1. Going by the structure shown, is F469 over 23 Å from G208 (Cβ atoms), among the aromatic types (F, W, Y), buried (at least 24 other Cβ atoms within 10 Å of the Cβ) and modelled with pLDDT of 95 or more?
2. Can you tell me which of (1) more than 23 Å from L122 (Cβ to Cβ); (2) aromatic (F, W, Y); (3) out of contact with any Phe, Trp or Tyr (no Cβ under 7 Å at 6 or more places or on another chain) is the one F1017 doesn't meet?
3. Looking at T311, is it farther than 27 Å from G414 by Cα and either of a type in the set (S, T, Y) or assigned to a loop (DSSP other than H, G, I, E, B) (or both)?
4. Condition first: of a type in the set (S, T, Y), in contact with a helix residue (DSSP H, G or I) (Cβ under 8 Å, 6 or more places away or on another chain) and either assigned to a strand (DSSP E or B) or surrounded by fewer than 19 Cβ atoms within 10 Å (Cβ to Cβ) (or both). Now tell me which residues in region 335-386 satisfy that.
5. For region 1082-1127, give me the residue count where each residue is exposed (fewer than 15 other Cβ atoms within 10 Å of the Cβ), within 39 Å of the chain's Cα centre (by Cα) and in contact (Cβ under 8 Å) with a residue 24 or more places away in the chain.
6. Would you confirm whether any residue within region 664-674 is assigned to a loop (DSSP other than H, G, I, E, B), at pLDDT below 90, out of contact with any helix residue (DSSP H, G or I) (no Cβ under 8 Å at 6 or more places or on another chain) and not assigned by TED's automatic domain parsing to the domain that holds D488?
7. As an exercise: evaluate K111 against (1) at pLDDT below 90; (2) part of a loop (DSSP other than H, G, I, E, B) and give the number of the one condition it does not meet.
8. Could you pull out the residue among F893, F909 that is at pLDDT 85 or above and either assigned by TED's automatic domain parsing to the domain that holds L678 or buried (at least 21 other Cβ atoms within 10 Å of the Cβ) (or both)?
Amino acid sequence: MKKSISLLLVVLMVLSVVPATLAQASFTNTEENKQLISTTGTTYFNNALTKSLFKEIQKEITNDKKEVRLIIAPKDGYEMKVYEELKKMGKVDPMSKPEYKFIVVTLPSDKINELRNMNGILKVWIDREVKVPRPIEDEALKVPNPAKPNMFMSVYTINAYNAWTNYGIYGDNVTVAVLDTGIDPSHSFLQQTMNGKRKIIDTKDMTGEGDVDTSDTATSANITNRVLKIKSNLIIDWGDYYWAVNRATQYTTVYIDNVTVGNITSANGVYHFGLLPERYFDLNQDGDTNDYYFVLVVNSSEYYDTVYVDTDEDFNLTDETPIHLFTKTGEYGVFPSMVAFTLGDIATNTGNFVSFMWDGYGHGTHVSGTIAGYGLPGDPVFDGITGVAPNTQLMEIRVLMSFGSGWTSMIVNGMIYASIYGPDWIPFSGDEADIISMSLGGLEEYNDGTEDLENFYVNYLTEMTGVVFSIAAGNDGPSMNSVGSPGDSDYAITVGAYAEGERFELAGYENISEGIADFSSRGPRMDGMLDPDVIAPGVYILSSLPLWDAYADYWSGTSMATPHVAGAAALLISYAKQHDLSYDPFKIKEAFELSAKKIDGIPNYEQGFGLIQVDKAIEKLEELSDEQTTLLYAGTTFTSFKGIFNSKTLPGIPYLDYISTTYNLPYLYRGVYLRNELPNGVPIYVYALKYNATDGKMEIAGGTYKVSTNVNWIIPSTGEISVNENGTVFYVSFDYSKLRKPGVYEGIIYIDDPSTEQLEGYVPVTIIVPYDLKKNSYQLTVEDSIVGKENKPKRYFINVPSGTQMLEIKIDGADLPESGLVAFARVHSPTGKSTLPPNYIYPFRKMTITVNNPTPGVWEFVVWNNFNAKPYVNFGWTDTDFGFMDISYNLTFTACSINIEPNPIIKDFETGGVYNINAKAENSYADLNVSVFSMLGPANLTPQVYLENVSQGGWRHIGTIYVDENTYYMKVGITQPENPNADLDLYIDYYDENLSYVTTFYEIIGGTSEEKFEKLFPDKGYYDIWVNGYDTAGLNPIHFLYYEQILKDNGDVSVDTTPFEFKSGDTKTITANVNLSEAGTYLGVLGIKDSESGATLTYAPMILQVGQPEMYVALMGTATIGEPSTLTLKMLDKATLDPVEGEVKVVINDQVYYAVDGELKFTYTPLSLGELKFNVTIISDSYKDFEG
């Protein structure tokens, strides 16, 4: 069975491998040619490295970097082999844990090429920077002296209070690991549980900020009159990221003379010492980061276990209190500045290393208080106040440095430590974390769950260890598609921020409606998966801050919402342990989802399943506990996110998808997300997985499930499915008659076994019906209004046609000022990414916003009230500009376009001949001088096909293709390997006409050996073709077919090239005269260019078919007037009667569907006798298009 249903292919248009004359200019793989290409310095990669990061690594190397830091996950059985080979090639970081698929290595750039010969690599990433989302503060709130109980009312909002009182559950016997900026261990809110246990049981620094090399030594002989005589230069290591605080160099030296030690002794007579520098944080709060502190390590008995830090910088340790390993003692030290620190690690056998931890940012201390804080009597702020799970204990793991950033390797290292090792450093000994809370992350261009390594490790560790991840959705709202990684991981509980109306009263804002915080990232994921999963309070959350800072403050952010869910999960797990209930991370997540409270008027893509309710989640967990955990991997093969040539842009990196690659299943889009194209039906594939908690993995399973929906415009083709180890497929249709008004429509396809309490699977459906500028003469005006105290954004979706040179958005209205601020706005492209400048927030007032050369597709313009004005003072906006006004306004959207219809131009002809191809061009842009152009390639021969072979892990150089100015289309591909389960990869290196390397096209790589590269108007130069034997399925070598098709204009098309004035508002028919002399498919373009500069302004691809094979089409079923009827359309090869393979586009009575492998099931409701007649068009890339 194929590993992938939907490949990531660079698809130009609906084309076919059909008879064509090949006008090619390729030369063979001679030694001379190989030498010619290799001298340009191209690097080729074997294994996973190529599939994820080829382009990025090339960029790192070409930017004069001498080395690249990578994170590598080995395949099963290759862990130590890969680890040992990497040690020979570069510097392997000691944090690496190959047995858990985690190797961090820094390789010299000249060693990168050696990776191509290394077997056993599963996945590879570049180690990247990650930032903590900046919390949102408001100076209007005063701390201390807040109102009670409002200051911590979120325990009531999420019904944690009910869980305490009704179930007697406070989080006992549960550990939450907080991966963040560290902790203030001296804070009274974080000292103990309600029953007197230590609150913080472990601290670790994964960033290196607190590391000290104490390998310098002295002996008792160096002590005279209680003074340790050093008298030498010591090296200060300012850290790998010294440049982050504008330091010039990483290493400096300083002369140390004497240190007063008094009665301090070392049992073995050897004293270790070093210097702790202020790497990224001002430990003594004197206004700079230039200080350093003497550190002494002594042996009290058998091991080195006692540490002194010269916190006051007087080189006198007699006034310092010794500290020991925090895990064992709970001790901490304090600088005179009130910065508290712990000893998180010590080399007990050698004394050569110690590591300290503190919170130099405040973020970690704040989220920790929300999870499990407990206010001690007499506390000036927190007396009588608790976090969500006050008896839960905390592991504090610093993965972000004091300036708020870290690296993905630090975060993954912390995840592995928390879930596998725990404080005793013994794997799975029982002291590991039950829950990991991560209020961090970032938004990539594509957020489909495959974009970052943290996603992989969240899923991997969830399955293997059973740990629950609570992760922030991000603060990139309120636009859609804005949930970031790792929050968009499949298995994480992704948390959005709920804004209670009462919360705003704390800042003096009254009568604000409840809703989702404006900053909270929204879903869905770009593959349609529902994110966030749930919401929790995230606005004006009071919690602890380090004593050197403010002690306590109100912060807002999804970072503040996430610890609410982590604490709530602690209550659930505590209850499960106390009552001996069976639980796992999937049951915990589902218990929250199925018991959440829906917020009225808020869509799913903003709130997920809703606001968590802890007491109801406990009830749901009881119902789920006795059942086998089943997860349905379900979704579609259709995506509306496509490139300019109709190529699928998702998944971003297909081999990084966890479920499909781990369990050898087809890649599926996990939801139906229709934005840039609105078909009337799509297929839904379903595979059943059962969780084996003992082995820590899923197992392929089967079962029978009911199919239903929660809305009447989603119509499944069946009400029940049977799933076996090969999965199954059904179809859903959409009734657009119920979706006429522009906006967002949502529904859910439930796939459920009614005999269980679980919801085994669901497929969310999100459909955006846009305003269509083309249908409105390229301009439309929308009249609308904002209710000043309503906490809901307004969204406007605009379908921008191809050929648009400029999109203009004019904001006007009598209520709007010329300056000042009444609301905010953003403009987002069809991918959900905001326009330049990145994430720019426009003041919503009278103004005009322009976007030049916008990408065709559905754009989002979002307007919202903002109740947290402080973050925007950098724009020159202050609270004096700010008001909660009811405003009416007009939005005028204008697309300045030169549009050609139809696009693409698809024509079928029974026989060859001379034909006129007409198209209509409309100009809504500007008065221009233009001319018509056209190119067409003959199609009387099949593409040239070669039998090739490649070895396991090896490279096959196919040849090099030269493209000149007359070439308008090129296609190369591989197909038909000896073993259909093989995974061969196609790479195209592009060199300009001077043979200088430009780039490598690797986006075509998928999970099979069916790979194709197509390009319209390819740049002139040389295209070097390589095939890699990534997985030859046991054959060495394996044979496969390679084909290539290069089309040039051969004179079989002519147009009137006379320049003409094309005025704005004009419509003109343009004509291409084509000579189609033989059977086949002719591929070409018809377009308009600027007659002066020659720049292409717009074009439409031409697909002209002559004498293609025919289909036999049959429509089965009975349609009843006034009733929904399920019909089946069969498509067979007319000669063989075999089903037409692959995905084809079907248009039935002007409604678009996608059929798979010769069959389409759809639901249709005829309303009259006339509607019992079906007009069917089938567009196929390998058959004559059918109309009948």
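1. It is true that F469 is over 23 Å from G208 (Cβ atoms), among the aromatic types (F, W, Y), buried (at least 24 other Cβ atoms within 10 Å of the Cβ) and modelled with pLDDT of 95 or more.
2. Here F1017 clears every test but (3).
3. For T311, the condition - farther than 27 Å from G414 by Cα and either of a type in the set (S, T, Y) or assigned to a loop (DSSP other than H, G, I, E, B) (or both) - is met.
4. T342, Y374, T386
5. Matching residues across region 1082-1127 total 2.
6. Checked region 664-674: at least one residue is assigned to a loop (DSSP other than H, G, I, E, B), at pLDDT below 90, out of contact with any helix residue (DSSP H, G or I) (no Cβ under 8 Å at 6 or more places or on another chain) and not assigned by TED's automatic domain parsing to the domain that holds D488.
7. (2)
8. Result of the check over F893, F909: F893.
The values are calculated or read from the model by the stated rules, or taken from the named source; none is laboratory data. What you see is a predicted model; the values in this text were computed from it and never measured. Because the Cβ atoms are built from the backbone with ideal geometry, glycine has one as well, and the counts that use them run over all protein chains shown.
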